[in-house]
Amino acid sequence: MTLPQSAVSDLLDALRAGEGVDLVRESVRMVLQELIETEAAQVIGAARYERAPGRTTERNGSRPKLLTTKGGDVTVAIPKLRQGSFFPSILEPRRRIDQALYAVVMQAYVQGMSTRSVDDLVVALGGTGISKSEVSRICAGLDEAVGAFRT
C-alpha cells in the first residue's frame, strides 16, 4: 500500500500549519480508505481503472460510510460493485452499539441497575438511548459467560 505523493505532501503541510487534530483524523481516513481500496481490488481482481483478464466484476460508484474513531469522525467511501456485494473486512457490518457502551451496559447490569435505568444512563452518556430488550440481549451473553466460568 503506497500513498500518493500529493496526499503525503498535503498531510505534511497540515502538520506544519499546526492542524494536529485534523491531521490525525485525515491520516486515519486516508489509511482506512487505502485498506478498503486494496481489499476491493483483490475482490474485483483488478485495481481501479485497470483492465485485467481475471476481473470478476466492475466498480459502480461508492457509498459514504461515517465511522467514529478515536481520532474523530471520518467518512470513507465504500465501493459498490455491479455484480455481488462488497463490505470491507476491517469494518464491522451493522454494528448498532459501540463495544465500550456494551461494557457500560454490562457493568450497570452487574451492579443491579434495572433495564429501564440503563436507558437513562446511556442517554446521560450522550447516546440515543437503548431499549429494554437490547439490554436484556446484551446481558444474556454475560449470563452465558458467567455460567461457563462457574462450570
Among the residues of region 126-137, are any at pLDDT 80 or above, surrounded by 11 or more Cβ atoms within 10 Å (Cβ to Cβ), assigned to a loop (DSSP other than H, G, I, E, B) and touching a helix residue (DSSP H, G or I) at 6+ places or on another chain (Cβ under 8 Å)? no
_Verdict on Val105 being in contact with a helix residue (DSSP H, G or I) (Cβ under 6 Å, 6 or more places away or on another chain), open to solvent by less than 70 Å² (accessible area, probe 1.4 Å) and not in a loop (DSSP other than H, G, I, E, B)_ = yes
Here the qualifying pairs (Cβ atoms under 8 Å; residues six or more apart or on different chains; first in region 101-125 and farther than 19 Å from Thr68 by Cβ; second in a loop (DSSP other than H, G, I, E, B) and modelled with pLDDT of 80 or more) come out as Leu121/Met113
Of the residues in region 63-79, those that are surrounded by 14 or more Cβ atoms within 10 Å (Cβ to Cβ) and not in a strand (DSSP E or B) come to Gly71
If we ask which residues in region 26-55 are over 18 Å from Val76 (Cβ atoms) and either not hydrophobic (A, V, I, L, M, F, W, C) or not in a loop (DSSP other than H, G, I, E, B) (or both), their number turns out to be 7
Is region 143-150 home to any residue that is surrounded by 13 or more Cβ atoms within 10 Å (Cβ to Cβ), without any contact (Cβ under 8 Å) to a residue 12 or more places away in the chain and more than 22 Å from Thr68 (Cα to Cα)?
-> no
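The values are calculated or read from the model by the stated rules, or taken from the named source; none is laboratory data. Every value quoted in this text rests on a predicted model; they were computed, and no experiment measured them. Glycine gets a Cβ as well: all are built from the backbone with ideal geometry, and neighbour counts include every protein chain shown. Surface accessibility is based on the protein's heavy atoms, side chains included, excluding ligands, DNA and RNA. Shrake-Rupley method; radii C 1.70, N 1.55, O 1.52, S 1.80 Å.
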